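A short write-up of the structure that comes next.
Every number here is computed from the coordinates shown, using simple stated rules; none is lab data. What you are looking at is a predicted structure, and each value in this text was computed from that prediction instead of being measured. With ideal geometry, Cβ positions are generated from the backbone for all residues, glycine too; neighbour counts draw on all protein chains shown.
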Amino acid sequence: MNLELVDFAQVGKKGCFVYCYLRATDHTPYYIGIAKRADRVTAHHTVNIPPDRRNIRILRSGLTHEEAQRWEQFYIAHYGRKDNGTGILRNQTDGGETGGLGRIWSEEQRKLHAELSRGRRLSEEAKARISAANKGNFSPEQRAALEPIWHRLATEQAQLMDVDVSAYLALPQDKKRVVIDRYKYGGFKPEDLMKDLDFQERYERAGLRQKLGAAKKYEIDPKVYLALSDKHRQKVAERYSSGMRGERLLQYLDLDMRTAQSLERYDCSLEFWQSLTTKQKGAVRSRWNRGARGAELFEGLGHI
């Protein structure tokens, strides 16, 4: 692949952008990020930065901060993460954080940071205010002012998802998030969106959003995909990346990747493939490389 160096300084002049790191071996992405300045692209990361800077590519540019966050989330969901068995990226979050653009400080955080920077010992009250600011906690006055807005947004969400408005409004925020994820990633009928929400919590903690997104991408029944172990989900992701589709993604998940690819490529059963000798398997591979397909691959193997 013939790649040219990207002028990130020029790209940054147009606004925020989404970038990715490519593997040198096959040029698949292994990290997605957002930035506005050129130096952020090669700043400290949780993954190795490509030694060859041509393997840092732009996915979207000329964006607002919010647009960049949404596109980052989209690409991470599309390619999936290795740490939770949904794909090939080494990102450790779903994206959408503000870290890639430089942290955005509230006025309260600025004042508290100034106290710390001057070398003063923070009081317990100051520590409590820092904790509240970082967690997004609101004062009673702020919460009272925001309640009508939250109520209106939740009502619109319930109407969009075609669920009972009163029942949805009564849910705590974490349960609302589960309902939204079910609606967003599919696999649930409207009447099932708010069923078994307590049972769903453990899946939410384990990364339900990514797993449902992966099931949709691989065209696998969400219930079947969620029942897989992390090891098997990782194998499904690897098979999909290698070009496998359909029922082959779920067949013989305890097999090694080479055997699974052989069954896919030569269109034969596991029992038949395992019945062949090493020489016969080598002959099948050689015939495939020479252009043979179908029954031609296996003719006369008994004489080998």
Answer in debye to the nearest 20: the dipole magnitude of segment 230-303 about its Cα centre, from +1 Lys/Arg and -1 Asp/Glu charges placed on Cβ, is 280
Just the ratio, please: alpha-carbon radius of gyration of segment 230-303 over 2.2 N^0.38 Å, N its number of residues. 1.16
Using mean Cβ contacts within 10 Å as the protection proxy, how do 210-218, 295-303 order, highest first? 210-218, 295-303
Over 24 Å between Cα atoms, which of Lys82/Lys189; Lys211/Lys235; Lys176/Lys223; Lys189/Lys235; Lys82/Lys176; Lys175/Lys211 qualify? Lys82/Lys189; Lys189/Lys235; Lys82/Lys176
Between Leu59 and residues 5 or more places away or on another chain, which pairs have amide H atoms under 5 Å apart, with H built 1.01 Å from N, and which residues are they? Val18, Tyr19, Cys20
Normalised by the residues of segment 230-303, what does the relative contact order come to in percent, with Cα pairs under 8 Å and at least six apart? 21
